[in-house]
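The values are calculated or read from the model by the stated rules, or taken from the named source; none is laboratory data. Everything numeric in this text was worked out from a predicted model, so none of it was measured. Neighbour counts are summed over all protein chains in view; Cβ atoms, including those assigned to glycine, are modelled from backbone coordinates with ideal geometry.
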Amino acid sequence: MAEQTASNKPVVATISLAGCFGCHMSLLDIDDRIVQFIDLFELNKSPVNDIKKFTKRAHVGLVEGGCCNDENVKVLRYFRENCDVLVSVGACAGNGGLPALRNKMPLQECLVEAYLDAPTAELGKAIIPYDEELPKLLDRVYPCHEVVKIDYYMPGCPPSAEVFWDTLTSVIKGQGFDLPVELIKYD
Amino acid sequence: MPKITFKIDGKQCTAEDGQNLVEAAADNHVYIPTLCHMKGEKCLGTCRVCMVKVNGKDMAGCTLSVSEGMEVTFDTPELNDKRKALIEMLFVERNHFCPSCEKSGRCDLQALAYRFKMHIPRFRYRYPFFEVYSKVDKLMLEHNRCILCQRCVEFIRDPDTNRKIFSMRNRTNKSMIQVDYRLANKMSEEQIDKAVAICPVGAIIKKGQGFDEAYGQRKYDQHPIGYEVDGGTNSK
Ligand code: SF4
Ligand code: SF4
């Protein structure tokens with residue numbers, strides 16, 4: 001386990017990779033339990049508080065979204081190195097989700113369709129964006145567990161606030177969790 | 001037919017001699033999941049989800065006939081995990097995007113995944129490329145969801161010639177179902193409905209029908225698959 005923190009609260013970190021932030025919205029849907037959340041946990045690196053770098057080791061890392069570019073892979077590995085328990089959150093982290101629809105076709109075809117042949121592309125002037133600063137797209141979208149070891153999964157698109165709450169509270173207690181079918185049924 | 005007794009996980013069961021194991025188990029309120037076997041129809045033995053142990057060997061339950069004194073092992077962590085792994089393999093083999101699938105909520109594969117509490121398949125997704133075959137007037141073949149159970153191959157035949165309308169093409173991971181579109185164009189409404197209904201997944205779709213059942217009223221919305229057999233007592 002991570003060393004005891006000053007506040008002695010379990011440390012949680014979150015990140016959105018190739019996701020839509022829907023999972024994070026769902027986390028915020030815990031409503032007034034957000035007050036309990038603050039009492040129970042300390043939030044480290046997360047888009048919610050905009051902490052960019054881990055300032056301490058986290059007990060639990062929640063990862064939304066799969067990996068569609070090299071930046072995602074880097075960040076995911078950074079999370080794995082800095083979190084005791086890593087949870088893959090939602091369909092995109094688990095199986096690539098909607099972004100993975102592109103996995104069935106070559107990357108080049110997707111780029112041409114999106115930037116050159118798009119109805120809004122300016123004729124003759126359209127280019128496929130390329131800059132050193134831009135993350136490089138991967139050949140396909142990878143679920144998180146195909147890149148690093150994942151300890152738990154939270155199914156759903158997005159997982160409901162209940163699932164977030166149940167998972168966080170049981171993982172922190174060191175318990176496994178058994179989500180009832182009603183909570184993981186998304187169809 | 002003479003009655004015999006046999007055991008499933010130590011539970012005394014009675015059945016007709018030579019009865020199909022999956023069906024005999026159901027009569028004794030034990031749900032052995034299947035994706036290819038259909039009650040009263042000849043055994044296909046393609047999906048292997050009905051795996052049980054008899055005489056120390058793993059076997060497809062639907063291929064077995066019960067006999068006096070037979071001892072069947074079914075509900076063990078090892079066998080349940082093997083069954084779950086088989087379901088997971090079916091999910092990674094093709095492209096299953098349930099939220100956009102016409103069969104969602106009434107799909108046997110999806111229902112079994114829920115029953116086995118599958119969160120994420122343990123295998124790598126293959127993301128193969130398949131085009132939807134839509135040449136037939138009234139139906140579509142959505143290869144992305146086919147589990148190659150071969151129900152359509154065996155049980156949907158041209159009524160005049162008894163020829164197969166659906167058949168298998170290629171081998172190994174290139175195997176796929178093909179359809180004789182001339183025969184398929186002759187299919188009656190009832191036969192199309194039957195094909196759609198017996199396909200355990202959303203691979204055979206009737207054109208113009210789509211999402212015709214409301215959420216909450218679909219086959220597996222109220223109860224998990226197998227509920228009519230075991231009343232939900234055995235969760236595996
Ligand atoms: S066939 Fe079943 S498992 Fe596959 S996408 Fe459709 S509902 Fe989901
Ligand atoms: S189309 Fe349906 S019935 Fe035919 S083999 Fe595929 S899954 Fe089975």
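Conditions (1) more than 16 Å from ligand 1 (Cβ to nearest atom); (2) over 27 Å from B:Phe116 (Cα atoms); (3) not assigned by TED's automatic domain parsing to the domain that holds B:Arg126, marked per residue:
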{"site": "B:Val153", "(1), (2), (3)": "yes, yes, no"}
{"site": "B:Arg157", "(1), (2), (3)": "yes, yes, no"}
{"site": "B:Ile165", "(1), (2), (3)": "yes, yes, no"}
{"site": "B:Arg171", "(1), (2), (3)": "yes, yes, no"}
{"site": "B:Ser188", "(1), (2), (3)": "yes, yes, no"}
{"site": "B:Ala197", "(1), (2), (3)": "no, no, no"}
{"site": "B:Gly208", "(1), (2), (3)": "yes, yes, no"}
{"site": "B:Phe211", "(1), (2), (3)": "no, no, no"}
{"site": "B:Gly231", "(1), (2), (3)": "yes, no, yes"}
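Taking the stretch A:144-155 as the search range and keeping residues that are assigned to a loop (DSSP other than H, G, I, E, B) and touching a Cys at 6+ places or on another chain (Cβ under 8 Å), which one is nearest to A:Ala91 (Cα to Cα)?
Going through the qualifying residues, I end up with A:Ile150.
Looking only at the stretch B:77-87, filter to residues that are among the charged types (D, E, K, R) and surrounded by fewer than 18 Cβ atoms within 10 Å (Cβ to Cβ); which one of those is farthest from ligand 2 (Cβ to nearest atom)?
Per the stated criteria, the residue is B:Glu78.
How many residues are modelled with pLDDT of 90 or more and facing chain A (nearest Cβ under 7 Å) when one looks only at the stretch B:99-116?
Residues that pass the stated criteria total 4.
Would you mind finding the one in A:Val163, A:Val141, A:Val87 that is among the β-branched types (Val, Ile, Thr), within 12 Å of chain B (Cβ to nearest Cβ), under 21 Å from B:Cys98 (Cβ atoms) and assigned to a strand (DSSP E or B)?
Answer to the selection: A:Val141.
Just to be sure, is B:Pro224 part of a loop (DSSP other than H, G, I, E, B), outside the structural domain of B:Ala111 (by TED's automatic domain parsing) and within 16 Å of ligand 1 (Cβ to nearest atom)?
Yes; evaluated as a whole, the condition is true for this residue.
Hey, any hits in the stretch B:44-56 for a residue that's within 14 Å of chain A (Cβ to nearest Cβ) and in a loop (DSSP other than H, G, I, E, B)?
No, there is no match, as no residue in the stretch B:44-56 is within 14 Å of chain A (Cβ to nearest Cβ) and in a loop (DSSP other than H, G, I, E, B).
Could you check the stretch B:125-164 and list, in sequence order, the residues that are of a type in the set (Asp, Glu), within 14 Å of chain A (Cβ to nearest Cβ) and near ligand 2 (Cβ under 10 Å from one of its atoms)?
Once the filter is applied, which keeps residues that are of a type in the set (Asp, Glu), within 14 Å of chain A (Cβ to nearest Cβ) and near ligand 2 (Cβ under 10 Å from one of its atoms), the stretch B:125-164 yields only B:Glu142.
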